[in-house]
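Inspection log for the structure reproduced underneath, given as structure tokens.
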Amino acid sequence: MFSFQLTARSTDCLARTGRIKTRHGEIQTPIFMPVGTRASVKALAPEDLKACGAQIILGNTYHLYLRPGCEVIGPFGGLHRFMHWDRPILTDSGGFQVFSLAKLSKITEDGFAFQSHIDGSRHLLTPESSVAVQLCLDSDILMCLDECIPYPADQMRAERAMALTGRWAERCRSAWQEADRPQNALFGIVQGGMFEALRRRSAQALADLDLPGYAVGGLSVGEPKELMLQIAAATLPLLPEAKPRYVMGVGTPADLVEMTAMGADMFDCVMPTRNARNGQLFTRRGTLNIANARFRQDTAPIDEQCGCYTCRHYSRAYLRHLYMAKEILVYRLNTIHNLHYYLDLMEGMRTAIAEDRFQAFRRSFYAELKTG
RNA sequence: GGUGGGGUUCCCGAGCGGUCAAAGGGAACAGACUGUAAAUCUGUCGGCGAUGCCUUCGGAGGUUCAAAUCCUCCCCCCACCA
């Protein structure tokens, strides 16, 4: 029901292509997954996502548990029918909200005790309840509940969170196995802060659980970029070769290129969608802020070489006008462009890996950025 | 014609003798955003050869050590009454 197959490998780096099979179709890796936290990739309809080339999207357990809740989504048979998306869905466990909503939460051995950011009500998210909610959402890929720590964090703190994440992973796995739903794959998450030794131990312990896939968590939490890349480079090779490797919450286009070279298969990040709504657009020559006065009378599209719906039909001047006037259409048009850019970048990398010219692709990626 | 209320930095709008280049919005300009409490947030926003100087609060005079703030006249605007 769920499977992963490697289809090509670079000879000069660790980059690889693969194919994930799910009951909602196949995913070609490496892939970027647009974030749809509350059962919606903000500003887009599923048809827009497909036109951008989206193969799989994210949902979030914490947010969907609080609102609208399983009693609403359950009767639909899960998230797919609820939100009219028939391709694969990965749900985050709520672990990241332990981190980003830390002021409202408390971590115990049992789980994540928190107060709703919506109404202040008290809840407890445990490994078991997180899995239960994700099964109710019927996502194709479930994530283990983990503890993501901020940067900087000392080794003791990192070790404690890493160990807890490991124990929670075992409990998630038990809950998942008891449910007997192999079509809903469960992924483990490596933690360990910025300490390679801890990352190693975490990866080892999780590998022993023999889960369908593995993720690197706890990156891009405020650390310097070089450190992030260093830890990713040290961690990714520790993950089982034959399983999909997912780097959570990353990243910039350059991050995706670098980590693909390290053997990562899956990424997700709010950057293309959030920044689109904030006026920052990605192009192969760098980013541009559509609010800048220099685009006021610019009749050109965002990127002459881009084939997205937005670039085929609209000028920078028009997009700037919509943005300045806060017309809601701009959020859709900008998001379409940024996601198209991200997904097109991934497709370019897949092709390059398949043709074993990834390093050449990488060089031209940076060369083109410089011309911007 | 009468009575009352107003004219403030791009706009709206506080200020009502010194701590005022003048609150607060808006607009404008620039930046940030990495498993989304984000269609959000931050900074700049009279001019300079700038820990100081110059110009500015409808116009012109005046009072005072000191005026956007007080007085006189003038020019506009608004409301109500004739």
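The values are calculated or read from the model by the stated rules, or taken from the named source; none is laboratory data. In this text, all values refer to a predicted model and were calculated from it rather than measured experimentally. Using ideal geometry, Cβ is built from the backbone for each residue, glycine included, and neighbour counts are taken over all protein chains shown. What goes into the accessible areas is simple: the full protein's heavy atoms, side chains included, and nothing from ligands, DNA or RNA. Shrake-Rupley method; radii C 1.70, N 1.55, O 1.52, S 1.80 Å.
Which entries of A:Lys50/A:Lys225; A:Lys243/A:Lys370; A:Lys103/A:Lys225; A:Lys21/A:Lys42 have Cα-Cα distances beyond 28 Å here? Don't skip to the answer; put the middle values down first.
Numbers: A:Lys50/A:Lys225 31 Å; A:Lys243/A:Lys370 35 Å; A:Lys103/A:Lys225 26 Å; A:Lys21/A:Lys42 26 Å.
Check vs 28 Å cut-off fails for A:Lys50/A:Lys225; A:Lys243/A:Lys370.
Secondary-structure-derived ellipticity at 222 nm for chain A, considering helices only, amounts to -12500 deg cm²/dmol, per-run term -39500 (n - 2.57) for DSSP H runs with n ≥ 4.
Helix A:225-235 and the longest principal axis of the C-alpha atoms of chain A enclose an angle of approximately 50°. Extending 7 Å from Cα along the Cβ direction at A:Thr108 and again at A:Arg122 yields two label points whose distance is 0.9 nm. Taking all protein chains into account, the per residue accessible area for chain A stands at 41 Å² (1.4 Å probe).
For chain A, the relative contact order works out to 18 percent when only alpha carbon pairs closer than 8 Å and six or more residues apart are counted. Helix A:196-207 and the long axis of chain A differ in direction by around 70°, with both axes built from C-alpha atoms.
For helix A:329-354, report the angle its Cα long axis makes with the longest principal axis of the Cα atoms of chain A; keep it between 0 and 90° and round to the nearest 10°. That works out to roughly 80 degrees.
Amide H contacts under 5 Å for A:Cys148: A:Phe99, restricted to partners 5 or more places along the chain or on a different chain, H placed in the peptide plane at 1.01 Å from N.
Taking all protein chains as present, what is the carbon and sulfur share of the accessible area of chain A, in % to the nearest whole number, probe 1.4 Å? It would help to have the intermediate numbers written out before the result.
Details: 7860 of 15420 Å².
About 51 percent, which is the carbon plus sulfur part of the accessible surface.
In this label model, A:Glu170 and A:Ala254 are separated by 4.2 nm, measuring between points 7 Å along each Cα→Cβ vector.
What ranking, highest mean first, results for peptides A:10-17, A:323-330, A:192-199 when packing means the other Cβ atoms within 10 Å averaged over each residue?
Numbers: A:10-17: 18.5, A:323-330: 13.9, A:192-199: 20.8.
Result, highest mean first: A:192-199, A:10-17, A:323-330.
Between A:Lys21 and A:Leu369, the contour length at 0.36 nm per residue exceeds the alpha carbon distance by 121.9 nm. Working from label points 7 Å from Cα in the Cα-to-Cβ sense, the A:Ser3 to A:Ile328 distance is 4.5 nm.
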